[in-house]
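Participant: This is the structure I have questions about; it appears just below.
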Amino acid sequence: NFNWATDGWMKDSQNIPIMRVKDDARITIPYKPFSMEHGNIHNTGKTLEFEFATSGVFDYNTSLISCFSNGKGFNITAQQAFFSSSATKISAQYKENEHVRISFVINDSQENRLLYCYVNGIISGITQYSTNEIFYQDPELEISIGSSDAIIDIYNIRIYDKALSRFQTDRKSTRLNS
């Protein structure tokens, strides 16, 4: 449901390419990040990064980027991002109308079992997960993007089947600093 005039592939006010999702437009990324086919998160870790901006918000609780099933996964709204496993939840807040990069990093079980949330490369939340934590979803979902209650501009989405270090998630993006 993209109209390709006021949404779809565009450039933002700084002439940076974006994918604008608004009104009835939706994106489904055919990747299930919490599927066993991508390895055991306890052994490998995982990093999920979303670089985006929100605007024109009517409902601040509406899901803009989501992969959440039966209490596990992540949900990103216009001002808050959270990640949940079977027993652990971590979240961060930020402002709408700003270009932000949200990163969730799950260390493997050999690295102190830490779960981090970064906003623009800065640790905004940290917690330790238990040895019997479950990250896998049932049913497994793909990543969905879009809402009729806000506009979201997507700059980048990166998913790694390993935990990035704090130095890797703290990389300075010229786009974020301009």
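Participant: Which condition number in (1) over 18 Å from residue 124 (Cβ atoms); (2) touching a residue at least 24 places away in the same chain (Cβ under 8 Å) is the one that residue 71 fails?
Facilitator: Unmet for residue 71, out of (1) over 18 Å from residue 124 (Cβ atoms); (2) touching a residue at least 24 places away in the same chain (Cβ under 8 Å): (2).
Participant: Tell me the residue from 61, 75 that is surrounded by fewer than 21 Cβ atoms within 10 Å (Cβ to Cβ) and at pLDDT below 95, please.
Facilitator: 61
Participant: In the set 68, 50, which member is open to solvent by 10 Å² or more (accessible area, probe 1.4 Å), closer than 24 Å to residue 150 by Cα and aromatic (Phe, Trp, Tyr)?
Facilitator: Numbers: 50 fails: open to solvent by 10 Å² or more (accessible area, probe 1.4 Å).
68 is the lone residue from the list that is open to solvent by 10 Å² or more (accessible area, probe 1.4 Å), closer than 24 Å to residue 150 by Cα and aromatic (Phe, Trp, Tyr).
Participant: Now, a different point. Just to verify a result, which residue in segment 112-146, among those that are in contact with a strand residue (DSSP E or B) (Cβ under 9 Å, 6 or more places away or on another chain), outside any loop (DSSP other than H, G, I, E, B) and among the β-branched types (Val, Ile, Thr), is nearest to residue 65 (Cα to Cα)?
Facilitator: Per the stated criteria, the residue is 145.
Participant: Would you confirm, using the coordinates I've provided, whether residue 87 is open to solvent by 50 Å² or more (accessible area, probe 1.4 Å), free of Cβ contacts under 8 Å to residues at least 60 places away in the same chain, of a type in the set (Gly, Ala, Ser) and more than 16 Å from residue 155 (Cα to Cα)?
Facilitator: yes
Participant: Filter segment 117-145 down to the residues that are free of Cβ contacts under 8 Å to residues at least 40 places away in the same chain and crowded, with 16+ Cβ neighbours inside 10 Å and list them by number.
Facilitator: Hits for segment 117-145 are 117, 119, 124, 125.
Participant: Look at residue 102 and say whether it is under 24 Å from residue 14 (Cβ atoms) and either surrounded by 14 or more Cβ atoms within 10 Å (Cβ to Cβ) or in contact with a Leu (Cβ under 6 Å, 6 or more places away or on another chain) (or both).
Facilitator: Values: under 24 Å from residue 14 (Cβ atoms): yes; either surrounded by 14 or more Cβ atoms within 10 Å (Cβ to Cβ) or in contact with a Leu (Cβ under 6 Å, 6 or more places away or on another chain) (or both): yes.
Criteria met by residue 102.
Participant: Here is a further query. Among (1) within 19 Å of residue 39 (Cβ to Cβ); (2) modelled with pLDDT of 95 or more, where does residue 114 come up short?
Facilitator: Against the list (1) within 19 Å of residue 39 (Cβ to Cβ); (2) modelled with pLDDT of 95 or more, residue 114 comes up short only on (2).
Participant: Hey, another quick one. Going through 156, 97 one at a time, which residue ends up being under 12 Å from residue 52 (Cβ atoms), open to solvent by 40 Å² or more (accessible area, probe 1.4 Å) and not in a loop (DSSP other than H, G, I, E, B)? Write out each step before concluding.
Facilitator: Values: 97 fails: not in a loop (DSSP other than H, G, I, E, B).
It is 156.
Participant: Any residue at all in segment 79-91 that is touching a Gly at 6+ places or on another chain (Cβ under 9 Å), under 20 Å from residue 150 (Cβ atoms) and not hydrophobic (A, V, I, L, M, F, W, C)?
Facilitator: Taking every residue of segment 79-91 in turn, at least one turns out to be touching a Gly at 6+ places or on another chain (Cβ under 9 Å), under 20 Å from residue 150 (Cβ atoms) and not hydrophobic (A, V, I, L, M, F, W, C).
Participant: Now, a different point. Taking segment 23-40 on its own, how many of its residues are more than 16 Å from residue 162 (Cβ to Cβ) and touching a Gly at 6+ places or on another chain (Cβ under 7 Å)?
Facilitator: Qualifying residue count for the region: 3.
Participant: When residues of segment 12-21 are filtered for being open to solvent by 40 Å² or more (accessible area, probe 1.4 Å) and part of a loop (DSSP other than H, G, I, E, B), how many remain?
Facilitator: Qualifying residue count, segment 12-21: 3.
Participant: Could you tell me which residue of segment 22-47 is modelled with the highest pLDDT, considering only residues that are exposed (fewer than 13 other Cβ atoms within 10 Å of the Cβ) and not in a loop (DSSP other than H, G, I, E, B)?
Facilitator: Across segment 22-47, the extreme among qualifying residues is 28.
Participant: Please identify the pairs in which a residue from segment 46-66 that is under 18 Å from residue 159 (Cβ atoms) has its Cβ atom under 7 Å from the Cβ atom of a residue that is open to solvent by 10 Å² or more (accessible area, probe 1.4 Å) and among the acidic types (Asp, Glu), counting only partners at least 6 apart or on another chain.
Facilitator: Note: pairs meeting the criteria are 46/161; 52/153.
The values are calculated or read from the model by the stated rules, or taken from the named source; none is laboratory data. In this text the structure is predicted, and so the values were computed from the model without any measurement. Cβ: placed from backbone, ideal geometry, glycine included. Neighbour counts: every protein chain shown. For accessibility, only protein heavy atoms count, side chains too; no ligands or nucleic acids. Shrake-Rupley method; radii C 1.70, N 1.55, O 1.52, S 1.80 Å.
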